[in-house]
Structure formats: C-alpha cells, structure tokens
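A short worksheet on the structure shown next.
Each value in this text was obtained by applying a stated rule to the coordinates, not by laboratory testing. The structure displayed is predicted, hence computed values, not measured ones. All Cβ positions, glycine included, derive from the backbone under ideal geometry; neighbour counts span all protein chains shown.
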Amino acid sequence: MLLQAKRAQLVVVDIQERLMPAIHDGERVAHNARRLIAGADALGVPILVTEQHPEGLGGTVGAVRDALPGSATTFPKITFSAAADEAVAGHVARHAAEGRDQLVLCGAEAHVCVLQTALGFRMAGRDVAVVADAVSSRSPHSVSAATARLLHAGCLWVTTEMVLFEWLERAGTDDFRRLLPLIKAG
C-alpha cells in the first residue's frame with residue numbers, strides 16, 4: 001500500500017515538554033515530526049495532536065507546537081491509546097468518512113501511546129503507518145518490541161522521507177519544489 005496525501009491524516013502523539021527529555025533520540029523525533037507537519041500542512045493533510053495528561057507532562061514541546069498550522073487540532077487525553085479517546089476517535093472517523101482512511105503516526109512513546117494508538121485504529125479498520133525515525137521511547141529496546149508488534153498487526157513501518165515522497169507521488173511539481181527543503185533537511 002502506498003500512502004496518499006488525499007487519503008491521509010497525520011497524528012502527532014504526545015511529544016510533550018516533560019516527556020521528551022527522557023526519550024532516546026528525542027531531538028530526532030521532534031525534528032522529523034516538524035518535517036512531517038510541514039509536509040502535511042503544505043499538502044492539505046489534516047493534523048491531529050494528542051497530549052497525554054498535559055497537567056502532568058506539560059504541553060507539546062515548543063519546537064513542535066510552533067510548527068503546527070492553525071488548522072491542527074490538539075486533544076488532551078488520559079487514555080494511552082488515542083483511539084480509545086472518544087474525541088480523538090470521533091475526529092479521525094469524521095475525516096475517514098471523507099476518504100482520509102490512512103493514519104500516519106509519529107511521537108512518543110513507541111511502546112505505549114504510539115503502539116496502543118496504532119493498534120486501536122488498526123482494529124477499527126484504518127490503514128496505519130508508523131514513522132520509524134519520528135518515534136521513540138525511553139529505551140531503544142522498547143522501540144524494537146513495539147516495531148515487532150506493529151508489523152505483526154499489519155501496520156506499516158516507514159520513514160519520514162518515505163511518507164513525504166509517497167504523499168508527493170512525482171517530481172517536477174510545485175508541491176515537490178515546496179517540499180524539497182524538507183527532504184534535504186533529513
């Protein structure tokens with residue numbers, strides 16, 4: 001399955017102030033999340049952001065928050081799986097009803113909120129791609145375990161560049177020229 005911008009939703013999971021300092025390669029996760037956000041915004045892909053218990057973990061880190069367009073929607077949650085949050089699930093379902101049935105996930109932690117969100121939406125019949133270079137956990141071993149479960153459940157394990165190139169579909173377009181700096185920033 002190829003990812004298509006016209007069928008996609010970007011879900012940014014819990015890239016939060018008090019969590020990210022403990023995340024292995026957290027700067028890489030935030031950097032690639034910003035690239036995905038910029039690409040999604042340029043191509044008209046809806047962006048949904050979750051924040052796990054923001055009273056305790058803080059809001060989305062400044063660098064990621066500052067990259068979000070005004071059209072992005074942020075949801076606080078207390079469930080580990082965003083798919084189990086009624087407001088998030090409803091938002092995703094409304095976009096899916098418009099043909100946006102592919103979810104692209106990035107964020108933290110790979111083995112908790114990202115994993116449970118991906119599996120929850122996969123069980124709900126959505127196509128789910130998890131962006132390998134835009135997710136992490138406190139421990140690399142937890143990312144490895146999450147990867148195995150996600151693949152076994154039928155989720156795609158992709159990279160930021162794979163997402164951007166698949167969303168673009170072809171070179172030589174205005175969209176390609178607009179996203180080329182994002183690709184080169186990898």
Subject >> Full-stretch length increase - A185, A22 - with 0.36 nm per residue and alpha-carbon distance subtracted >> reply: 56.3 nm
**OP:** Would you mind working out the magnitude of the charge dipole of the stretch 5-184 relative to its Cα centre, with +1 at each Lys and Arg C-beta and -1 at each Asp and Glu C-beta, to the nearest 20 Debye?
**Re:** 240 debye
Subject >> Whole-number D in µm² s⁻¹ for the stretch 78-186, Kirkwood Cα-pair radius fed into Stokes-Einstein, 4 °C, 1.567 mPa s >> reply: 88 µm²/s
Original post:
Over what distance in Å are the Cα centres of the stretch 170-186 and the stretch 8-50 separated?
Top reply: 19 Å
Original post:
Based only on Cα atoms, what Rg/Rh ratio does the stretch 141-180 have, Rh being taken as Kirkwood's radius?
Top reply: 1.21
Original post:
Taking the Cα-to-Cβ direction at E86 and at A124 and moving 7 Å from each Cα, how far apart do the two end points lie in nm?
Top reply: 1.4 nm
Subject >> Neighbourhood net charge (14 Å Cβ-Cβ; Lys/Arg +1, Asp/Glu -1) for N32 >> reply: 0
Original post:
Any idea what the relative contact order of the stretch 40-92 is, in percent, if you count C-alpha pairs under 8 Å spaced at least 6 apart?
Top reply: 38 percent
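Rg(Cα) of the stretch 1-119 divided by 2.2 N^0.38 Å?
Against the empirical 2.2 N^0.38 Å value, I get 0.97 for the stretch 1-119.
So how strong a dipole does the stretch 33-112 carry about its Cα centre when Lys and Arg Cβ are +1 and Asp and Glu Cβ are -1, to the nearest 20 debye?
200 debye
Considering every Cα-Cα pair within the stretch 86-136, what fraction, in whole percent, is farther apart than 12 Å? Intermediate values should be presented prior to the final figure.
On the way: 792 of 1275 pairs.
Everything past 12 Å amounts to 62 percent.
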**OP:** Pop out the ³J(HN,Hα) list for the stretch 52-64 in order, Karplus 6.51 cos²θ - 1.76 cosθ + 1.60 with θ = phi - 60°, rounded to Hz; leave Gly and Pro as x.
**Re:** 6, 6, x, 4, x, 9, x, x, 4, 4, x, 5, 7
Original post:
Taking every DSSP beta bridge that has both residues in the chain, what percent is antiparallel when rounded to the nearest 5?
Top reply: 5 percent
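In deg cm²/dmol, rounded to 500, what helix-only [θ] at 222 nm does the chain give when every DSSP H run of at least 4 residues adds -39500 (n - 2.57) and the total is split over its residues? Intermediate values should be presented prior to the final figure.
On the way: 8 runs with 80 residues, N = 186.
Taking each H run of at least 4 residues, the total per residue is -12500 deg cm²/dmol.
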Original post:
Which far-off residues, 5 or more places away or on another chain, put their amide H under 5 Å from the one on S136, with H placed in the peptide plane?
Top reply: G107, A110
Original post:
Going toward the positive end of the dipole of the stretch 50-94, with +1 on Lys and Arg Cβ and -1 on Asp and Glu Cβ, which of G59, P76, V88 do you reach last?
Top reply: V88
Subject >> In sequence order, calculated HN-Hα J values of the stretch 128-133 (Karplus, 6.51, -1.76, 1.60; Hz; x Gly/Pro) >> reply: 10, 10, 10, 8, 4, 8
Original post:
When ranked by the protection proxy of mean other Cβ atoms within 10 Å per residue, highest first, what sequence do the peptides 129-138, 93-102 form?
Top reply: 129-138, 93-102
Original post:
Taking amide hydrogens as modeled 1.01 Å from N in the peptide plane, which residues meet the under 5 Å criterion relative to T74, leaving out close sequence neighbours?
Top reply: V49
